[in-house]
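Presented below is the structure to which this report refers.
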Amino acid sequence: MRILVVSDIHANWPALAAINEPHDVCLCLGDLVDYGPNPSRCVRWAMEHADHAIRGNHDHGVAQGIPVTGETGYRYLTKASRPYMWDALGQEERRYLLQLPLTRRVTLDGKRFLMVHATPRDPLDEYLMKDPQAWAKRVQSAEADIVCVGHSHMQFNLAADGVIVLNPGSVGQPRDGDPRAAYAVIEDNRIELKRVEYPIEETIADIEASSFPDRAKQLLCHSLRHGRLPEAAPALAAEDPA
Ligand SMILES: [Fe+2]
């Protein structure tokens, strides 16, 4: 069985469309929306193609109509892009986000998967990087062989307390300095972390044509081209990795 694992698509259709992997099952770990210019298309894709999907903090915020405050970093970009999401998404698409579960369990190829956007302790918001010791504490009662997570936009695969923790990285907004779309494929219980180039300038053209504020356009385009926010503004990169 070949399993495609995607996360943090963030309304970036050209990035998602570039993933051309034959697969039997698709797992989607949340954050379909915010930041990018194509929320409707990405949500529609998940409705049709994700066999198992869960809710990310951005799906939750958009579906629940939660306004965002913040003047710096990714929180500012969430605030700047969220009204566009509400305008762009149809009722059915918003309902889909609303009904996504916080966690999901599925058994594939004899392995027990737990899907959760952030961590089992805090499914929507806790931010944990590639830290086996910290993950060991989070997965000790997960009752799973593989815990699939997103949220940090960092691609990794580690063993913690006998459990595999897989973060496929972000399809639509990588933050590790590599602007290529990130995802993972699991085949015969072997995990492959993958990257694919995509036409970033197509996403950027849609951002430029959008109603996003100019400052947000500038930061988003830099983030897409470089896989991170500008180094000239370290506070932006460090603050609130929402
Ligand atoms: Fe995200």
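The values are calculated or read from the model by the stated rules, or taken from the named source; none is laboratory data. Small disclaimer: the values here were computed from a predicted structure and weren't measured. Note: ideal-geometry Cβ built from the backbone for every residue, glycine included; neighbour counts use all protein chains shown.
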What about Arg105, is it under 19 Å from Ile3 (Cα atoms), at pLDDT 95 or above, touching a Phe, Trp or Tyr at 6+ places or on another chain (Cβ under 9 Å) and part of a strand (DSSP E or B)? yes
With the checklist (1) free of Cβ contacts under 8 Å to residues at least 60 places away in the same chain; (2) of a type in the set (Gly, Ala, Ser); (3) within 13 Å of the ligand (Cβ to nearest atom) in hand, flag the one item Ala50 doesn't pass. (3)
Residues of the stretch 156-205 satisfying the condition of being touching an Asp or Glu at 6+ places or on another chain (Cβ under 7 Å), of a type in the set (A, V, I, L, M) and either within 16 Å of the ligand (Cβ to nearest atom) or free of Cβ contacts under 8 Å to residues at least 24 places away in the same chain (or both): Val171, Ala184
Search the stretch 1-28 for residues being of a type outside the set (A, V, I, L, M, F, W, C) and touching a Phe, Trp or Tyr at 6+ places or on another chain (Cβ under 6 Å), and hand back the single one that is nearest to the ligand (Cβ to nearest atom). His10
The stretch 32-47, subset within 14 Å of the ligand (Cβ to nearest atom) and in contact (Cβ under 8 Å) with a residue 60 or more places away in the chain, residue surrounded by the fewest Cβ atoms within 10 Å (Cβ to Cβ): Cys42
Condition (residue is within 12 Å of the chain's Cα centre (by Cα), modelled with pLDDT of 95 or more and part of a helix (DSSP H, G or I)) applied to the stretch 32-46: is it met by at least one residue? yes
Flag if Ala136 is surrounded by 15 or more Cβ atoms within 10 Å (Cβ to Cβ) and either of a type in the set (Gly, Ala, Ser) or not in a strand (DSSP E or B) (or both): yes
